[in-house]
1. Report the extension gain between Glu106 and Arg160 in nm, rounded to one decimal, defined as 0.36 nm multiplied by the number of residues separating them, less their alpha carbon distance.
2. Whenever you get a sec, compute what percent of the accessible area on the chain sits on carbon and sulfur atoms (1.4 Å probe).
3. Would you mind telling me the antiparallel percentage of the DSSP bridges in the chain, rounded to 5?
4. Let me know the whole percent of all Cα-Cα pairs from the stretch 168-213 that are separated by more than 12 Å.
5. Which helices, counted as full DSSP H runs in the chain, have an axial Cα extent of no less than 15 Å and a Kyte-Doolittle average of -1.0 or above?
6. Summarise the long-distance tail of P(r) for the stretch 285-330 by giving the % of C-alpha pairs beyond 16 Å.
7. Name the long-range amide H neighbours of Val148: under 5 Å, sequence gap of 5 or more, or other chain; modelled H, no Pro or chain starts.
8. I need the Kirkwood Rh of the stretch 155-264: take the reciprocal of the average 1/r across all distinct C-alpha pairs and report it in angstrom.
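The values are calculated or read from the model by the stated rules, or taken from the named source; none is laboratory data. Predicted model only: the values in this text are computed from it and were never measured. Cβ sites come from the backbone with ideal geometry, for glycine too, and all protein chains shown count toward neighbours. The protein model used for the area step is the full one, side chains on, heavy atoms only, and it has no ligands, DNA or RNA in it. Shrake-Rupley method; radii C 1.70, N 1.55, O 1.52, S 1.80 Å.
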Amino acid sequence: MEFTGSARPAGGTGARTGRAAQPGVPARRPTVSVVIATRDRPALLCEAVRSVLAQTYAGRIEVLVVHDQSDPDFSLELSAQDRAVRVLANGRRPGLAGARNSGIEEAAGEYIAFCDDDDVWSPGKLAAQVSRLEEDPSADFATCGITVLHDGRRHDRVLRRHTVTFADLLRDRHTELHPSTFLFRREAAHNGFGLVDEAVPGGFGEDYEFLLRAARRAPIAHVPEPWVTVRWGAQSFFFQRWQTMSAGLADVLAKYPEFESVRAGSARIRGQIAFAHAAQASRREACRWAASAIRRNPLEPRAFLALGVATGWVSPAAVMTALHRHGKGI
């Protein structure tokens, strides 16, 4: 597959090519390295790469396609003055976290971004975020809003603020801060908050843990506009992997004792863990985690959804289908 710097996302991907130009143009134009971890999804991968190459950002962009547990496709490689595509194999621990870290280690850019292989960027995404970080040298990390695409429906997920703190992320995961929106300084990853945690069980929640660690060091700079289209559905490698979900979230909860100072945030994660156990038909564990969530926040809805699934009142598939229909998750 060949790419060119003028390539545009295919019309059916959901990319918003008609969005207005970026709100500001960076005074500097540092190189940005975009890490796309992939595994056996060539058609989706090509759409993701095209959307990165089509950025209006005037600086150099190198795309690092990291093949995880799959054969590298070197036909994707491209070398041009302001756009490049390099193909790598994951040389670290198998899984998404290891693949992303392989990309970080090979990145030449001053800034590093992630894009999932089933998501697409709108053309002004990088320019808007680089401008935000260039304007605020105290920030290491930037995010932006998203558009959720599920079953043909679009839902903008926009967080109406320009800064997200560690305390904010303890209270709420803020789904808008999707890994395909992440942009951060390479120096901060190597000598600050560190690489992605490859030890998170099953890799579930590694993006949230990465955000928490970055925000603990310095507040996240946020661009509210939805510059990334995120596909939700069965193509996700974590779709309905309930055991992985419960283990990954329990690990995040254990690593951050600060959750107990924000009881609503602790209750939220406990409710998610309860729901995952209920979906596995582990009724006792579901009830135990749901009770611990309700003790911290009697109004935590996930705890009551978990109890509904555990008692057979509703199926986990029905709950997830209803949530996804509105661009939400558990």
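1. On the way: separation 54, 0.36 × 54 = 19.44 nm, distance 3.42 nm.
Taking Glu106 through Arg160 to full extension adds about 16.0 nm, to one decimal.
2. Details: 6820 of 13480 Å².
Carbon and sulfur together cover 51 percent of it.
3. Numbers: 16 of 42 bridges.
Counting DSSP beta bridges with both partners in the chain, the antiparallel share is about 40 percent.
4. Numbers: 673 of 1035 pairs.
Value for the stretch 168-213: 65 percent of Cα pairs lie more than 12 Å apart.
5. Values: long enough: 42-53 (16 Å, 1.29); 96-106 (16 Å, -0.43); 125-135 (16 Å, -0.39); 206-217 (17 Å, -0.94); 242-255 (20 Å, 0.39); 263-279 (24 Å, 0.05); 283-296 (20 Å, -0.96).
Helices passing the filter in the chain: 42-53, 96-106, 125-135, 206-217, 242-255, 263-279, 283-296.
6. Details: 410 of 1035 pairs.
The share of Cα pairs beyond 16 Å in the stretch 285-330 comes to 40 percent.
7. Distant-sequence amide H within range of Val148: His155, Asp156, Arg157, Val230.
8. Details: mean 1/r = 0.0666 Å⁻¹.
Evaluated on the stretch 155-264, it is 15.0 Å.
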